[in-house]
Amino acid sequence: MIHVHRKYRRYSDEALMERLQGGDASSFDELYRRYSRRLLHYFYRMLNGNEDKAQDFLQDICLTLIEKANMYNGKGKFSSWVFTIASNMCKNEYRRNGKRVPIDCVNLDAHAICPVKTIEEAVDQSSFQDCLHKALYTLDCNKKNVFLLRFQEQYTIKEIGQILGCAEGTVKSRLFYTIRYLSKKCHHFKKTFEV
């Protein structure tokens with residue numbers, strides 16, 4: 001576990017990147033503390049439950065942050081910038097490896113679509129999550145990416161457009177068709193998604 005000095009916790013992500021560009025290695029430790037779990041979870045979902053590959057991708061993006069910190073120009077939010085890199089890594093992986101790896105059972109308790117109140121609802125929620133992940137597995141990279149950035153990472157439509165380098169209308173369209181597709185695949189659960 002990386003030890004981070006408390007003073008670094010008060011800095012914004014952008015200020016930490018500026019310090020990292022100046023050679024302050026402890027700034028990276030704080031950024032790692034803030035983003036490693038989110039990025040690992042994102043990679044895990046984008047790579048269809050392949051934990052080893054998700055760990056490798058996390059290490060690769062950490063190396064990029066350290067070795068190429070000067071690529072960040074400070075004009076936008078750090079979180080959008082780092083997820084742009086993560087998204088591009090996944091797109092490149094999809095291009096390199098045309099095959100999809102089998103999805104494992106995924107537990108999304110931290111990112112549940114709706115709260116669970118009873119045991120019956122918990123079972124239904126778990127079954128719904130399983131159905132959702134199997135349906136996500138069948139999507140192409142762009143649609144899966146839009147869905148995860150919106151519902152897992154909680155980015156706005158505008159932020160997703162910036163991360164993926166496309167117009168807001170394109171994001172909305174992809175999200176609309178993805179939600180419609182997922183709703184059809186999981187229709188027997190009568191769950192709804194909100195954009």
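Percent of alpha carbon pairs in the stretch 6-96 separated by more than 18 Å? The proportion of pairs with Cα distances above 18 Å equals 42 percent.
Summing +1 for each Lys or Arg and -1 for each Asp or Glu among the other residues whose beta-carbon sits under 9 angstrom from that of LEU16 gives -3. Remark: for residue pairs LYS75/LYS172; LYS143/LYS172; LYS53/LYS91; LYS91/LYS184; LYS143/LYS185, the C-alpha separation exceeds 21 Å in LYS75/LYS172; LYS91/LYS184.
Values in this text are rule-based calculations from the coordinates and carry no lab data. Not measured: the values here are computed from a predicted model. Don't worry about glycine lacking a Cβ; one is built from the backbone with ideal geometry, like all the others, and counts go over all protein chains shown.
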